[in-house]
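Since every read-out is calculated from the coordinates, none of them should be taken as a lab result. Note that the structure is a prediction, hence the values are computed from the model and not measured. Every residue, glycine as well, gets a Cβ built from its backbone with ideal geometry; the counts of neighbours run over all protein chains shown.
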Amino acid sequence: MSTATRERLPESSTIQQGPLRKPPTWKSPIIMGVLGVVALLAFGLASNAGDTSTFGMSTGAQRLQIPALVLPTRPAAIVLSVLCLVLAAVAAAAVRVKRPVPLAVPIGFAALWLLAFLVWSMAGEQVPLPGLLGGTLLLSVPLVFGALSGVLCERSGVINIAIEGQLLAGAFASALMASVTDSLWIGLVMAPVAGLLVAVLLAMFTIKYVVDQIIVGVVLNVLVVGLTGFLYGRVLVQNADVFNQPGTFSRIPIPGLIEIPVLGPALFNQTIIVYLMYVAVIVTQVALFRTKWGLRVRAVGEHPKAADTVGIKVNRIRVQNVLLGGVVAGFGGAFFTLGSVGAFGREMTAGQGFIALAAMIFGRWSPVGALFAALLFGFANQLQGTLGALGSPIPSEFMLMAPYLATIFAVAGVVGRVRAPAADGQPYTKA
Amino acid sequence: MSVTTDRIPEKTPDAPGEPTSATRRRGWAGDVLITVLSIVLALVVGAVLIAVADPRVQETASYFFARPLDMLQAAGSSVANAYAALFKGAIFDYGAETTTAAIRPITESLVFASPLVVAGLAVGLAFRAGLFNIGAEGQIILGAIGAAYVGFAWELPLVVHMVLALVAAMLLGGLWAGIAGFLKARTGAHEVITTIMLNYIARFLLAFLLSTTAFQRPGRNDPISPQVDSTAMLPQMLGSWSRLHLGLLVAIAAGFGVWWLLNRSTLGFKLRAVGANPFASRTAGIDVGWSTFAAMAIAGSLAGLAGAFQIIGTERSLTGGVSAGIGFDAITVALLGRGNPFGIVLAGFLFGALKAGGVTMQARTGTPIDLVFVVQSLIVLFIAAPPLVRAIFRIRAQGAGSMQVSKGWNA
């Protein structure tokens, strides 16, 4: 759609900066303003005057105990909404002088707005904050691994719809192998191998046979669902003691770091898979944006012909990245079985691969962005569970919808437009 | 191959080696040959899976070198049993005692095929307009919601009720897909992303509705709607021994309708033109945005029809699992049918038969129905990459054709 291409909003990414930049539009300050007013009216002024919202601040695992934070609901929500409106005004001021709105403004806005929402929705209740954050983290782990797989593939120009399949394959292989060998570690090693196998098919069909990348992804998902479901029904269920009892990794508290108030128990009392995730995010972020290899990958994803001209092997880089993505997603699959449930179940990934895809897009094709997007989605999911238990004012289904709605808004450019690598999805064949 | 669209020269100067006219000139014979070989290959891989997963085969494999025939025999019989059950469940049950019981399977296949055909048409029509509609699943859910609500909440005379239920399903399905079309036309948001997201939103919307008093069956705590009135049901065509309903004829008519729309109408010409080259179409004065929206809306209304078949054809009440994965099967149906309406009808019949047969196979031999997914996806993978099939069977190339529909997220 070329009109859309021409109307595209300016990007904060480095590629589009320079003389091409157009003045920012009023869209985002207006939306932030409206949301701020909504927060002020609905969360602040409409709540009961006498209620308090209580945040638990420590867990039993910590030596240092902090007393719970008791906030009067109405004043706290009003203060937070007003802060939201201040940020909206900052954005408006920036647009007025034709400067781009700094990225910190919308992120800060989102955080404050969510906090206001949280304070309002738990009026008269108590929620342990470390538990809320820890649950958020756990729900986002497979999303982060999946999204990283997507980032690796798509930065090199191959669309990866098969994240779901890679996660599921990883979950299946890790459960099966860990049970058969009686070793969680072997299970953890086999998960990326399974993800890799799916990636091999993806690379073979998209790069060697030049089949439409989206078609291959969609069909591979069906294939993996079928294969794992078949073997699950025929083998795993028949003899669950031998084939489907891998057990789970135990938590490893990191001494020292766990004492950090609130964040410590949430971030540093986790399983090995979660620590692997931290490493994976940092390594991919640095590798993609701070190394020669990363520059080549991005060149291949943005302008394969130019990359080819300077001697970069376009399709070799793409194959490498697709395979690497499969490995990363495989670890995410292991989290389902070895990191949380402790057994494989039919279609147990339940569409998480597609939320991971959404997180990748929402995170603008960058590892750290994907991490925060995944955390946001995980938070929505966790909040839905927590509030569901408390009796929330909003139906849980709408909280579950939030990640998907947010992604639609993001790709439709409601709040700043996301842009994929230029050659994403286009096969490269030498003339 | 009709699914293939031309590369857009202005946007992608780097892919001149892409097969275009050569692919389209390739005759029917080549396509049919590749299709048949793909099905055979997929069934062979399925057979290997059945054999490997069979407990008796595993047992005999442990002394393979002492008595190899034991294992081969076990493998042979397990595959033969499973595929025989598949055939009995899909086409003709030659072991059955009565005639109706013997021919019931084929009618059951057609029952499974009806929603697959219309949903496949929904995906295929979008293909021809250059759009990848992954959202049939969500559109089916919306269609089912519409048909069910009209079916149980309104009281209307015989034919009117049924027609209105179908219309409501088409409207809601069309509206749901229309959102994706509108977003694509106005903002350039890629339809693959938006339709995937709309699938999940539809699923949660359905879950929410089934918890409201308007939709939940009185006296029930689980998410299920009241039963649809019998006036709204699609009439059974063969009597009470078979579930075959009027939906089959509607689906076939829809196939003709889509063929007419694409090949004989002005709108269809515009849709195909935009699918082939939006830039040239714009230059020629076609409203690309409107065509995009129209294509998605029509596709959505077809998928909505599939949702209606589920409710007023077979299920009678709305539950969380009403879409039953038809929306995803529809993608494979459309790909197998290569975007051609009649091809899609045939592909829908084949996959309907596989589904009906899979149910019987699971019940009689314990072979999980998931095998059908494997076979289905392999068929499509093989078809999508003709060079692979040719390499396996050592057939001489008649032009290198691979499926290309989408043009990347930014297109």
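Here are the numbers:
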item: Estimated 222 nm signal from helices in chain A, with DSSP H stretches of n ≥ 4 weighted -39500 (n - 2.57), rounded to 500; result: -20000 deg cm²/dmol
item: Normalised contact order of chain A, rounded percent, pairs of Cα under 8 Å and 6 or more residues apart; result: 23 percent
item: Of all DSSP beta bridges in the protein assembly as shown, antiparallel share, percent nearest 5; result: 75 percent
item: Rg over Rh [alpha-carbon atoms, Kirkwood Rh] for chain B; result: 1.01
item: Loop-resident sites, region B:59-166, for GluC sites (Glu not before Pro), counting at most 14 other Cβ within 10 Å (DSSP); result: B:Glu97, B:Glu155
item: Longest exposed-site-free window of chain B, the sites being trypsin sites (Lys or Arg not before Pro) in a DSSP loop that have at most 16 other C-beta atoms within 10 Å; result: B:1-219
item: Mean Cβ neighbour count within 10 Å, used as a protection proxy, ranking B:295-303, A:88-96 highest first; result: B:295-303, A:88-96
item: At 0.692 mPa s and 37 °C, Stokes diffusion of region A:46-122 via Kirkwood alpha-carbon radius, µm² per second; result: 229 µm²/s
item: Coarse-grained scattering of region B:69-111 at q = 0.15, 0.21, 0.33, 0.34 Å⁻¹, given as base-10 log I(q)/I(0) from a Debye sum over alpha-carbon atoms; result: -0.44, -0.64, -1.02, -1.05
item: Residue-averaged [θ]222 nm for chain B, counting only DSSP H segments that reach four residues, each worth -39500 (n - 2.57); result: -22500 deg cm²/dmol
item: Cα centroid separation - region B:59-81 against region B:36-57, whole Å; result: 15 Å
item: For B:Met170, A:Met204, B:Met233, order by how many other beta-carbon atoms lie within 10 Å, fewest first; result: A:Met204, B:Met233, B:Met170
item: Packing-based exposure ordering (other Cβ within 10 Å, fewest first) of B:Thr98, B:Thr213, A:Thr59; result: B:Thr213, B:Thr98, A:Thr59
item: Per-residue average of Cβ from other chains inside 10 Å of B:49-56; result: 3
item: Rule-of-thumb Rg ratio for region A:136-411 [Cα; 2.2 N^0.38 Å; N residues]; result: 1.00
item: Relative contact order %, region B:60-183, counting alpha carbon pairs below 8 Å whose residues are six or more apart; result: 14 percent
item: Relative contact order for chain B, counting Cα pairs under 8 Å that sit 6 or more residues apart, in percent; result: 31 percent
item: Separation of alpha-carbon centers, region A:140-219 and region A:338-397, rounded to whole Å; result: 18 Å
item: Lysine pairs in the protein assembly as shown with Cα atoms under 21 Å, if 8 or more residues apart or on separate chains; result: 23
item: Cβ neighbours within 10 Å from other chains - mean over B:367-380; result: 6
item: In order through region A:136-152: 3J(HN,Hα) via Karplus (6.51 cos²θ - 1.76 cosθ + 1.60), integer Hz, x for Gly, Pro; result: 4, 4, 4, 5, 8, 4, x, 5, 5, 4, x, 5, 4, 4, x, 4, 4
item: Per-selection Rg to Rh, the protein assembly as shown - Cα, Kirkwood hydrodynamic radius; result: 0.97
item: Environment charge of B:Ala202, counting only residues whose C-beta is closer than 14 Å and scoring Lys/Arg +1, Asp/Glu -1; result: -1
item: Burial order of peptide ranges A:284-297, B:339-352 (average beta-carbon count within 10 Å, highest first); result: B:339-352, A:284-297
